[in-house]
Amino acid sequence: MKKGKFLIGLTLLTALTAGCSTVSKTEPAAPAAGSDSASAAPAQKLDITIGRAFDVNGLDPGFLTENAQVVDNIFDTLVKRDENEQLVPGLATDWKQIDDNTWEFKLREGVKFTNGEPFNAEAVKYSLDRVLDPANNAPTASYVSTIKEVQAVDDYTVHVVTKNPDPLIPTRFNRYPTEIVPPKYTEEAGQEKFAQEPIGTGPYKFVSWDKGSSVVLEANPDYWGEQPAVEKVTFRSIPEASTRVSALLNGEVDIVTAVSPEDRSKIESSSTAKLSAVERAGNTVYVGFKTDVKPFDDPKVRQALNYAIDVKSIVDKVLQGSAVQTNSLIGPKDFGYAGEPDGYDYDPEKAKRLLAEAGYPDGFSATLDTVSWYIKNTDVAQVIAEQLKAVGVTIKVNNVESSVYRTLVPAGKQSDLYVLGWSSTNTLDADAAIYAILRSGESYSTYSNPDVDAKLDEARSTTDEERRKQLYQEIQGEVIQDAPRIFLYQENQYYGVSDRLNWEGRIDGSIPVSTITAGAADGK
Amino acid sequence: MKRRSTPRIGVKGSVSIGALAAIFILTVFAPLIAPFDPYKQSLQDILIAPLSPYSGSGGTSLLGTDQLGRDVLSRLLYGGRLSLWISIAAVSISGVLGSAIGIAAGYFGGRTDAVLMRLADIQLSIPSMLLAIVMVAVLGSGLTNIVIVLAVTGWVTFARVVRSQVLSLKEMEYVEAAKAMGVPHLTVMLRHILPNTLYTIATQAALQISHMILLAAALSFLGLGIEVSTPTWGGMVNDGKSYIDSAWWLSTIPGLAIAAVILSINLFGDWLRDRAEER
């Protein structure tokens, strides 16, 4: 406990020295360093800088504690996604399910790691085994926990055996922690050194990492795919959002991530950069109820609070349109999305009536926990508090420090009302979007409904796509009715891109540098 | 004490006392003066510039509105009340505690003095901002905790200043006489030593109040202060930081308020010290 508190203090200090960075929650971003869309024979080699909100913590894809925006350019996955987010061959050329619990991957031949080690079935097995080994305690092991073992059948054939039928295996082999690492070098270097000097098969190879500040990568001349247009890329950490935008506008950096709503117009009106908006690429943000705690154990109370919130004006006025109001649990690009379901209209009178029916005619008091991970979250929480006050519910807004919240929520120690956002990020599947936050017993879930549990479990172990879609639609309907959360909105993501480049933000949040090409303004 | 000097207040004194009085009246009577409820949001009137009319109800917003349409002037007044209250409470606690420790250390000397002063040295070696941040991280935020944190960071200054004065006071004849007559230590300290250190303590307190206002503002600027919707000057500066290009008044106005209060308190403290030296 003492150690915990000390750590909190320490993390806090680090955060302070690093400036006030905004860390976005959920399953971090994506792999897919697609070689596929790099335009043919670029006339000129580019040297670019990308400004992000934070530096990497380590560069070992098997042991990431953040998104894979940087490492996905150094490593390849067996499966990749094209710009339409369809699964396409990566280090595997072909894959199929050969029985209920086994998937077969045919591997690409003749690929070498940048240190000369050959890529083969052994490398795949090694890469997965070290993540699955409980002794290694990999932070993202849960993404591949359905896998029982990986068998190297011959040099270029791999069998992935799962514990139960798992329809999502190809998707899982598209995202960290399934990047393929060179067995010999990884073993020799050890985990710590590998995280600092990684070697992969990807379109870029590692050059240097100035901790806390920047990572430099260079095009891999022996890459198995097409040569990218960008020769050299620097990922620079610029924690303050407005500083990031200034750096873009004065030409210091070429791409910036996480542009804040009030900075959007600055980029739009500039003559040197453009704004790339990716609608609903961010988290679906909601207010969770602890449904086993009075008064939130009563569905009427939960519905009443949904009726009491004017989500439209929050999205329009407070968020200035940087999010989209939705009742859907699942994002539009995710498998299982079934359009926008009807939810709760803004109707404070009805809310009061329901509260009275539930036995709270005079309302009650509660605490709402909020955190800086989402766009203007403390502002949103204050508006929610104000709107709930109108129906007699007194809310105390508690702004929890980021590192504290990171430990409170999975432990179930947050307040009875709490803000959380979730997304499927690079699996683009409903399972990742909702399982962890709705299934009873999951660490981020404060909801328990046996019927929903059963459907969630069935949906993740059936391979019949139609059946899965149907299950997710049923879950959706049931959850809206039961209201274990106040349905709010899904965030958009905004990137600023210099006119000398041609690139658009992606729905899965990845930045495959090999897809960046020279823009119209280059060379002037 | 007996020979009261002529009531010469001077420019420094009159300006600082006048300014402080004005600030006190404005903030203490904030509920009567503030034109609007500082918590009342109005999503139709987000980020109205100072001296612009409200859209719906009519009326003018003197200092503009913030990102949730709350009236900046009202929040400034309420926020000032809170800032002053916090710093006065913290200074009172640390002043009483620090002075008691200082008097005890100076009066008894020897081992007591050594232990207490080394303790003070240890705390002084840690920057007060750092100490405050770590304490808030451990104790959690909230009004009481902030006051405690500020009080803990403040006692050392009092203890050291008071102790050094007590060292010379205890050599005075009247103290020696009292001791010789068998007056108990506690009475000597309270009756003969404390009254003579009051001027020093008051001067210190004035300087400390400005220090505490800054520290409290810094804490709430970093999001470690009290509840988010509660107006505080530091919190307001923080809220406005991301709008500095589009809505200058959000950060600038509370920033100026902090500067003005600190300036007047420091002037006042300066004046108090001058008076103490005059005596």
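The values are calculated or read from the model by the stated rules, or taken from the named source; none is laboratory data. Computed from a predicted model, the values in this text were never measured in an experiment. Don't worry about glycine lacking a Cβ; one is built from the backbone with ideal geometry, like all the others, and counts go over all protein chains shown. These area figures cover heavy atoms from the full protein model, side chains too; ligands, DNA and RNA do not enter into them. Shrake-Rupley method; radii C 1.70, N 1.55, O 1.52, S 1.80 Å.
Quick notes on this one:
- Test: B:L219 is closer than 24 Å to B:V156 by Cβ and within 13 Å of chain A (Cβ to nearest Cβ): yes
- Of the residues B:I213, B:I253, the single one that is within 30 Å of A:V400 (Cβ to Cβ), among the β-branched types (V, I, T), out of contact with any strand residue (DSSP E or B) (no Cβ under 6 Å at 6 or more places or on another chain) and open to solvent by 10 Å² or more (accessible area, probe 1.4 Å) is B:I253.
- Of the criteria (1) among the polar types (S, T, N, Q); (2) within 28 Å of B:T144 (Cβ to Cβ); (3) in contact (Cβ under 8 Å) with a residue 60 or more places away in the chain, which one B:T197 fails: (2)
- Set side by side, the residues A:K396, A:K317 differ, and just one is touching a Leu at 6+ places or on another chain (Cβ under 6 Å), within 28 Å of B:I226 (Cβ to Cβ) and not hydrophobic (A, V, I, L, M, F, W, C), which is A:K317.
- Scan of the stretch A:392-422 for residues that are modelled with pLDDT under 90, polar (S, T, N, Q) and in contact with a strand residue (DSSP E or B) (Cβ under 6 Å, 6 or more places away or on another chain), ordered by number: A:N398, A:N399
- Selection of the stretch A:319-347 for residues being aliphatic (A, V, I, L, M) and open to solvent by 40 Å² or more (accessible area, probe 1.4 Å) yields only A:A338.
- For beta carbons closer than 8 Å, sequence separation of 6+ or different chains, a first residue in the stretch B:154-165 that is among the polar types (S, T, N, Q) and a second that is modelled with pLDDT under 95 and surrounded by fewer than 20 Cβ atoms within 10 Å (Cβ to Cβ), the qualifying pairs are B:Q165/B:N196.
- In the stretch B:35-68, the residues that are closer than 14 Å to A:V383 by Cα, polar (S, T, N, Q) and out of contact with any strand residue (DSSP E or B) (no Cβ under 8 Å at 6 or more places or on another chain): B:Q41, B:Q44, B:Q67
- Scanning the stretch A:166-199 for residues that are among the charged types (D, E, K, R), assigned to a loop (DSSP other than H, G, I, E, B) and closer than 19 Å to A:K80 by Cα gives A:D166, A:R175, A:E179.
- Filter result (touching a helix residue (DSSP H, G or I) at 6+ places or on another chain (Cβ under 8 Å), more than 18 Å from A:Q387 (Cβ to Cβ) and open to solvent by less than 30 Å² (accessible area, probe 1.4 Å)) within the stretch B:32-49: B:A34
- Residue tally, condition open to solvent by 30 Å² or more (accessible area, probe 1.4 Å) and within 10 Å of chain B (Cβ to nearest Cβ), over the stretch A:368-411: 10
- Wholly within the stretch A:239-309, helices (runs of 4 or more DSSP H) carrying at least 3 residues that are on the phi < 0 side of the Ramachandran plot, crowded, with 17+ Cβ neighbours inside 10 Å and more than 14 Å from every other protein chain (Cβ to nearest Cβ): A:299-308
- Test: residue in the stretch B:75-98 that is buried (at least 20 other Cβ atoms within 10 Å of the Cβ), within 14 Å of chain A (Cβ to nearest Cβ) and under 24 Å from B:F24 (Cα atoms): yes
- Members of the stretch A:119-142 that are in contact (Cβ under 8 Å) with a residue 60 or more places away in the chain, of a type outside the set (D, E, K, R) and within 20 Å of A:T171 (Cα to Cα): A:A123, A:Y126, A:S127, A:V131, A:A138, A:P139, A:T140
- Selection within the stretch B:224-239 - buried (at least 24 other Cβ atoms within 10 Å of the Cβ) and away from chain A (no Cβ under 11 Å): B:P231, B:T232, B:W233, B:G234, B:M236
Rundown of residues vs (1) closer than 21 Å to B:A89 by Cα; (2) within 13 Å of another protein chain (Cβ to nearest Cβ); (3) at pLDDT below 90, yes/no style:
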site	(1), (2), (3)
B:M135	yes, yes, yes
B:G140	yes, yes, yes
B:L143	yes, yes, yes
B:F158	yes, no, no
B:S164	no, no, no
B:M172	no, no, yes
B:A177	no, no, no
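- Residue, nearest to the other protein chains (Cβ to nearest Cβ), within the stretch B:99-123, restricted to residues that are surrounded by fewer than 14 Cβ atoms within 10 Å (Cβ to Cβ) and either basic (K, R) or within 12 Å of B:T153 (Cβ to Cβ) (or both): B:R118
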